[in-house]
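So the structure is just underneath, and the comments pick up after that.
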Amino acid sequence: MIREFGVLPDGEVVHEISLRKGTLQASVLTLGAIIRDLKVDGQTVVLGFEDLQSYLDHSPYFGAVAGRCANRIAGARMTIDGQEHQLDVNERGRHQLHGGARGFSRRVWQLEQSDKASVLLKLVSEDGDMGYPGRVEVLLRYTLTGTGALRMKITATADRTTPVNLTQHSYFNLDGSATILDHTLEIAADSYLPVDEDLIPTGEVRKVAWTPYDFQDGRKLRRRAGEETVVFDHNFCLSDAPRESVEFAAALEDAAGDRRMEVWTTEPGLQLFDAGGIDVQAPGLEGKRYGPHAGLCLEAQRWPDSVNRDGFTSVLLRPSETYSHVTEFRFS
Ligand code: GAL
């Protein structure tokens, strides 16, 4: 089902596509390829809004697809094949976050096709968009599968070499409780990227063993008595390079252990953002008030600031290549 969701200040119409399959129901917006709502057995498992204006004024990337290059680019600068590029600055007055002020999450995607359980969206990012070189064409399909998963498949091509790194930025909360602190999280990463005070990776790849970043055996987000407090906004290293097909990355379980979501992805990194700093000033889905830790993000992507780091997997897409990314959120 397709309906008009709202109209942007410039007159552009945003549509909502409703999908359904088995126990899953999803609502997708053409704005930012946003997953506005996702229900499993009738239970909403993501954070979102009921109206367009709240997305424009209050959304910390709820459900959106971030790009052209997700996460941070230090100094909003990069050098490709000897040429330096100044990118749009939208983070702490110095850096770029999630592709700039008008990144892919703020654009209206074209609706190409849809049926009961899937939708295909397209976005064209012109040469020079947010400072990036080259024209990029992106195709993205969300599919609700018969096995209880939401699958996102993305491909992209470019006519000049440019960084492309897209991620799905949903905030998950599997039981609708006020915080996710009693959810259990497992991450299949034996190392992570430490960051500086601006949340830019320092370049070190550090082992998680015996640190608060060790989620390999699964643990609650809530710190135990005596443990140091940690703000989780870090890339976990799943692999050194993208994989050919999806592999297990993470599992999240609600407080009662009744609902489980697994993240499977081709991507080599997973940004865990615990949303400890959010305090959303507009009512969310079902009128909910979203305070600190109302949800958490498990953003599958290539490692942050890779354009400025020789040791990290490349995010450069060359004209002869196709960027390809699959992430699945599997529910049981
Ligand atoms: C995350 C990022 C956080 C924060 C958030 C949006 O991907 O790592 O630092 O910016 O997006 O509020």
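Derivation of every value follows stated rules applied to the coordinates shown; laboratory data play no part. Since this is a predicted model, take the numbers as computed values, not measurements. FYI the Cβ positions are ideal-geometry reconstructions off the backbone, even for glycines, and counts take in every protein chain you see.
A simple spin-label model places the labels of Ile2 and Gln110 1.3 nm from each other, with each point 7 Å out along Cα-to-Cβ. Split the chain at each of the GluC sites (Glu not before Pro) in a DSSP loop with at most 12 other beta carbon atoms within 10 Å, and the longest piece is 13-125.
Cross-link reach is defined here as a Cα-Cα straight distance under 22 Å, omitting same-chain residues fewer than 8 places apart; for Lys122 the lysines meeting it are Lys153.
Between Asp41 and Thr229, what FRET efficiency comes out of the Förster formula 1/(1 + (r/R0)^6) with R0 = 35 Å and r the beta carbon distance, rounded to 0.05?
0.55
Go through the stretch 95-197 and name the chymotrypsin sites (Phe, Trp or Tyr not before Pro) that are in a DSSP coil and have 11 or fewer other Cβ atoms within 10 Å of their Cβ.
Listed in order of number, the matching sites amount to none.
Restriction of the trypsin sites (Lys or Arg not before Pro) in the stretch 118-192 to DSSP coil positions whose beta-carbon has at most 15 other beta-carbons within 10 angstrom yields Arg160.
Quote the FRET efficiency, to the nearest 0.05, computed for Gln86 versus Leu139 with a Förster distance R0 of 35 Å and r equal to the Cβ-Cβ distance. That gives a FRET efficiency of 0.75. The residue list His169, Leu139, Phe232 was ranked by how far each Cα lies along the charge dipole of the chain toward its positive end, using unit charges on Cβ atoms, and Leu139 comes out on top. Hand me the chymotrypsin sites (Phe, Trp or Tyr not before Pro) from the stretch 207-248 located in a DSSP loop with no more than 16 other Cβ atoms within 10 Å, in residue order please. Of the chymotrypsin sites (Phe, Trp or Tyr not before Pro), the ones in loops of the stretch 207-248 whose Cβ has at most 16 other Cβ atoms within 10 Å are Trp210.
About its Cα centre, the dipole of the chain is roughly 460 debye, where the only charges are +1 on Lys and Arg Cβ and -1 on Asp and Glu Cβ. Calculate the FRET efficiency for Ser320 and Asp196 from the Cβ-Cβ distance with a Förster distance of 30 Å, rounded to the nearest 0.05. Between Ser320 and Asp196 the formula returns 0.30.
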